[in-house]
Amino acid sequence: MGETTTSAAGDSLHWPPDKFRYDMREADARERVQRMDIAGRARALVWGPYDVLTPGLWRATARFSVDRWACRHTYRLEWGATADYSLFEFKPGRAGVFEVSAERLWIEAEKAELRIILTEGALGGVFELLDVRVEF
C-alpha cells in the first residue's frame, strides 16, 4: 500500500480494488477478496488506501455491486484522513451496480482513507467493491 502524493487541480485518480484492505472473514473461500458475504455484525467492509493527497477539495466516488440480499442493508461511506471524515449513508434498495460519493477539504497533505461500513448486522448477501475514483 504505497504513499502516492497527488496535487495539481484537475487531477483524477483511479484506485482499483487491490489498493484497499477488506474484512477478511472467510477470505480463503472467496473468488475475489473484494467480493464478500456480509453475514455477521456491523463492521467495516473496505478501508484504505492511505495515499497522500495534497491540500484542496477531493471527491471520492466508490463503485460497488450488491445482490438481492445485501441491497436491503444500510451502509456508510466515510471519506477523509485521520479522525476527520465526510460521511454518506446509503441503502441501495435493489440489486445492481451503484456509485456513492463524498467530498472533503484537505487543509494539509495527509493520507486519505475511504471506508465502507455495514451499519447493521446481516444474515447474508454479497457486496463487491469494483473501484474508486478520486477527483480534485
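The values are calculated or read from the model by the stated rules, or taken from the named source; none is laboratory data. Source: prediction; values computed, not measured. All Cβ positions, even for glycine, are placed from backbone atoms using ideal geometry, and neighbour counts span all protein chains on display. Note: accessible area is taken over every heavy atom of the protein model, side chains too, but ligands, DNA and RNA are not part of it. Shrake-Rupley method; radii C 1.70, N 1.55, O 1.52, S 1.80 Å.
Are any of the residues in the range 40-50 over 14 Å from ILE117 (Cα atoms) and either touching a helix residue (DSSP H, G or I) at 6+ places or on another chain (Cβ under 7 Å) or at pLDDT below 95 (or both)? Yes, the range 40-50 contains a residue that is over 14 Å from ILE117 (Cα atoms) and either touching a helix residue (DSSP H, G or I) at 6+ places or on another chain (Cβ under 7 Å) or at pLDDT below 95 (or both).
PRO92 satisfies every condition listed in (1) part of a strand (DSSP E or B); (2) farther than 17 Å from ASP11 by Cα except (1). Residues in the range 21-53 that are open to solvent by 10 Å² or more (accessible area, probe 1.4 Å) and in a loop (DSSP other than H, G, I, E, B): ASP23, MET24, ARG25, GLU26, ARG30, GLU31, ARG32, VAL33, GLN34, ALA39, ARG41, ALA42. Every listed requirement among (1) within 14 Å of the chain's Cα centre (by Cα); (2) open to solvent by less than 80 Å² (accessible area, probe 1.4 Å) is met by HIS14 save one, (2).
Does VAL66 meet the test of being closer than 21 Å to LEU123 by Cα, out of contact with any His (no Cβ under 9 Å at 6 or more places or on another chain) and open to solvent by less than 60 Å² (accessible area, probe 1.4 Å)? Taking the combined requirement at face value, the residue does not satisfy it. For the range 69-89, residues that are assigned to a strand (DSSP E or B), of a type in the set (A, V, I, L, M) and open to solvent by 20 Å² or more (accessible area, probe 1.4 Å) total 1.
Do we find that LEU57 is without any contact (Cβ under 8 Å) to a residue 60 or more places away in the chain, in a strand (DSSP E or B) and surrounded by fewer than 18 Cβ atoms within 10 Å (Cβ to Cβ) in this structure? Here the answer is no, as LEU57 does not meet what is asked.
Considering only the range 114-127, how many residues are within 10 Å of the chain's Cα centre (by Cα) and open to solvent by less than 20 Å² (accessible area, probe 1.4 Å)? The qualifying residues number 2.
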